[in-house]
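The values are calculated or read from the model by the stated rules, or taken from the named source; none is laboratory data. It should be emphasised that the depicted structure is a prediction, and the values quoted were computed from it without experimental measurement. Counting neighbours? That spans all protein chains shown, and the Cβs are built from the backbone with ideal geometry, glycine included.
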Amino acid sequence: MMLFNQRFRSYLGSAILCTIIVGCAGDPLQSGLDPFAPRVFKEGSTVMPLNPPNKSTLQPFYVSQTTVFKFAIDLDSILIGADGVTRYTVVIINPSGGQQAQYEGIRCDSYQARIYGNYDNTGWKENPLSSWKAIQSATPNRYQAALAQGALCNIDIQEKNIEDILKSLNSRGFTGGFKPTNSMGEFL
């Protein structure tokens, strides 16, 4: 009988210990440990560039047939952020030759863009009202969509390899979107 009581207490103690351990683990959906739960975006700090766009590293890129503006990205300014934001300097040239430079970021996961600031003759000016906005794909001046689709994003994932981005921005291969295919799904 004594042996039975010792085993019973041992089993009971083990059962209680297992119950406590399982209870501490909790529901992964409530504890935030669920690997399939949506992640909350936390943007890293953004520092405005120190220099104006470098004319020798400006790479023009195609946007659309209907745009009247010309666009170029400063290849030296591209930063692939650990926070999921790819930051870059873009130069926009109007039909009369006037230029505007902007420091921007693109999030591939949410297909959003943000303008951090503009460059004028005195230097970079931070935009205090800057916020994330949806990238517009159906407008003539869809340069952010062209950059996201043509070089900075791999569908909805940030492109992490700078060499692949630079290859994609090559003016002979850059399409500013998805490459056209024939009816068989083969790339033209």
Inset, instruction - Taking Tyr62 as the residue in question, decide whether it is surrounded by fewer than 17 Cβ atoms within 10 Å (Cβ to Cβ), in contact (Cβ under 8 Å) with a residue 60 or more places away in the chain and closer than 16 Å to Ser168 by Cα. - result: yes
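Every residue, every condition in (1) closer than 15 Å to Leu169 by Cβ; (2) not assigned by TED's automatic domain parsing to the domain that holds Thr122, yes or no:
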{"residue": "Gly44", "(1), (2)": "no, yes"}
{"residue": "Leu50", "(1), (2)": "no, yes"}
{"residue": "Ala82", "(1), (2)": "no, no"}
{"residue": "Val85", "(1), (2)": "no, no"}
{"residue": "Val91", "(1), (2)": "yes, no"}
{"residue": "Ser96", "(1), (2)": "no, no"}
{"residue": "Gln102", "(1), (2)": "no, no"}
Inset, instruction - Go through (1) in a loop (DSSP other than H, G, I, E, B); (2) modelled with pLDDT of 95 or more and name the single condition Thr67 misses. - result: (2)
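Inside the stretch 134-157, can you point out the residues that are among the β-branched types (Val, Ile, Thr), under 11 Å from the mean Cα position of the chain (by Cα) and either buried (at least 20 other Cβ atoms within 10 Å of the Cβ) or not in a loop (DSSP other than H, G, I, E, B) (or both)?
As a first pass, look at the stretch 134-157 and keep what is among the β-branched types (Val, Ile, Thr): 135, 139, 155, 157.
When the remaining residues are screened for being under 11 Å from the mean Cα position of the chain (by Cα), the result is 155, 157.
Within the stretch 134-157, Ile157 is the sole residue that qualifies.
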Inset, instruction - Could you tell me whether the stretch 24-46 includes any residue that is touching a Phe, Trp or Tyr at 6+ places or on another chain (Cβ under 6 Å) and either at pLDDT below 95 or under 25 Å from Glu159 (Cα atoms) (or both)? - result: yes
Inset, instruction - Scan the stretch 106-122 for residues that are in contact with a Leu (Cβ under 9 Å, 6 or more places away or on another chain) and touching a residue at least 40 places away in the same chain (Cβ under 8 Å) and jot them down. - result: Ile106, Cys108
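Mind listing whichever residues of the stretch 105-119 are in a strand (DSSP E or B) and of a type in the set (Gly, Ala, Ser)?
Once the filter is applied, which keeps residues that are in a strand (DSSP E or B) and of a type in the set (Gly, Ala, Ser), the stretch 105-119 yields Gly105, Ala113, Gly117.
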